[in-house]
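Structure record follows, encoded as structure tokens.
The values are calculated or read from the model by the stated rules, or taken from the named source; none is laboratory data. All values derive from a computational prediction rather than experimental measurement. Using ideal geometry, Cβ is built from the backbone for each residue, glycine included, and neighbour counts are taken over all protein chains shown. Side chains are part of the model used for accessible areas, which takes the heavy atoms of the whole protein and leaves out ligands, DNA and RNA. Shrake-Rupley method; radii C 1.70, N 1.55, O 1.52, S 1.80 Å.
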Amino acid sequence: MAGTGTVATVILALAALGGVRWFTAGEHLAITAPAGATEKLPEGGYEVVVDLRFSEVHHDLRTDRGAASVSTYTMPLDTSWDQVRSTVAGQLDGWEQAGDCPGSNQQQVRCAWTEPARWWPRQVKIVFIRPPKTAEDRAAWPDNTFLVIGSGLGGTL
């Protein structure tokens with residue numbers, strides 16, 4: 001009879017843990033953008049590129065729990081990839097980087113992190129976008145860089 005009570009207690013504890021994890025996985029993680037970021041976007045010929053990156057992050061982070069929370073920010077032109085990456089990574093204490101974050105010389109740099117949870121891990125993705133390098137392609141771009149930050153709910157991908 002004592003063994004039955006122990007088994008019931010263990011099952012109840014596991015169910016409680018699973019319930020807590022289920023509710024936590026259903027909340028977006030709020031990520032604060034780096035200093036100097038603003039959500040007010042200027043008009044220009046860059047919009048298609050930034051909108052496509054926004055859509056990709058939104059689509060990639062959608063789970064059976066729901067849509068991702070995605071924001072786009074205008075950043076000062078001199079903002080570096082290292083500043084952006086360290087600011088976001090600093091808010092994800094203990095999270096695991098998913099794959100490589102490529103070097104800072106590219107026009108578009110991406111990085112992703114996954115929550116270290118066994119069940120229903122949440123994800124965060126960022127895309128840092130610089131203006132084109134050639135003057136001809138850069139004509140329609142403002143003197144800014146752009147940052148897309150997305151937070152996805154935990155669920156089956």
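Length gain on complete extension for the stretch Q107 to E43, per 0.36 nm per residue less the alpha carbon to alpha carbon distance?
Numbers: separation 64, 0.36 × 64 = 23.04 nm, distance 1.95 nm.
That works out to 21.1 nm of additional length.
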For percent of Cα pairs over 25 Å apart, pick the label among (i) 25; (ii) 48; (iii) 39 that corresponds to the value derived from the coordinates. (iii)
Can you give the relative contact order of the chain as a percent, counting alpha carbon pairs under 8 Å and 6+ residues apart? 31
What list of ³J(HN,Hα) couplings, whole Hz, do you get for the stretch 129-143 from phi and the Karplus terms 6.51, -1.76, 1.60, once you set θ to phi - 60° and write x for glycine and proline? 10, 9, x, x, 7, 7, 4, 5, 6, 7, 4, 8, 9, x, 7
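When the chain is fully extended, how far beyond the present Cα-Cα distance does S86 get from A98, taking 0.36 nm per residue of separation?
Roughly 2.8 nm would be gained on extension.
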Could you compute the net charge surrounding P132? Neighbours are other residues with a C-beta less than 15 Å from the C-beta of P132; K and R count +1, D and E count -1. 0
Mind checking which of A89, F54, M75 is farthest towards the positive end of the chain's charge dipole, using Cβ charges of +1 (Lys, Arg) and -1 (Asp, Glu) about the Cα centre? A89
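On average, how much accessible surface per residue is there in the chain, in Å², for a 1.4 Å probe, leaving out ligands, DNA and RNA?
Value for the chain: 57 Å² per residue.
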Each residue of the stretch 112-118 in order: what ³J(HN,Hα) in whole Hz does its phi give by Karplus 6.51 cos²θ - 1.76 cosθ + 1.60, θ = phi - 60°, with x for Gly and Pro? 9, 9, 10, 5, x, 10, 6
Less than 11 Å Cβ to Cβ from W113, Lys/Arg counted +1 and Asp/Glu -1: what total charge do the surrounding residues give? 0
Taking a crude spin-label model, label points 7 Å out from Cα along the C-beta direction, the L52 to R138 distance in nm is 2.0
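State which helices in the chain qualify, where a helix is a whole DSSP H run, it must extend 27 Å or more along its own axis by its Cα atoms, and its mean Kyte-Doolittle hydropathy must be at least 0.5.
Numbers: long enough: 2-25 (35 Å, 1.35).
Result, helices passing both filters: 2-25.
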